[in-house]
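Scroll down for the structure; my scribbles are underneath it.
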Amino acid sequence: SDIHPIAGQIGLVAVPLTDRVLRGPGGYVVPAGAGALIGATMVEGQSPAVVDPDASARLIAQAEALIGQPIDTPIDWRAAVRGATPD
């Protein structure tokens, strides 16, 4: 099969950080329900998915730069694996 794993992680916060999609090099912050998502990583060929503290720190720094202020609320980091194909 041509399906290969891509692991990734994303952070969920329970408070709004922005009212619109913000994208920058290596990250984004988007509204999600009553909170926001901070994302995300993609690591080809990695399985199982694990939350990487270094990647979390990079995503937080990128998110703080995008919103223009420190994030002082808990972040629920999650990791998962999805399948990808060459096309």
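The values are calculated or read from the model by the stated rules, or taken from the named source; none is laboratory data. Nothing here was measured: the structure is a model prediction, and the numbers come from that model. When the accessible area is computed, the model is the full protein with side chains, heavy atoms only, and any ligands, DNA or RNA have been set aside. Shrake-Rupley method; radii C 1.70, N 1.55, O 1.52, S 1.80 Å.
Compute the accessible area per residue over the chain, keeping the other protein chains in place, probe 1.4 Å, unit Å².
61 Å²
Would you mind telling me the share, in percent, of accessible area of the chain contributed by carbon and sulfur at probe 1.4 angstrom?
That share works out to 55 percent.
If you average the sequence gap of Cα pairs under 8 Å that are 6 or more apart and divide by the length of the chain, what percent do you get for the contact order?
43 percent
Given that just one value was derived from the coordinates, which of (1) 14.5; (2) 13.8; (3) 13.5 is Kirkwood radius over Cα pairs in Å?
Step by step, Kirkwood radius over Cα pairs in Å for this structure corresponds to label (3).
State, to one decimal in nm², a quarter of the convex hull surface area for the C-alpha atoms of the stretch 38-87, i.e. the direction-averaged projected area.
4.4 nm²
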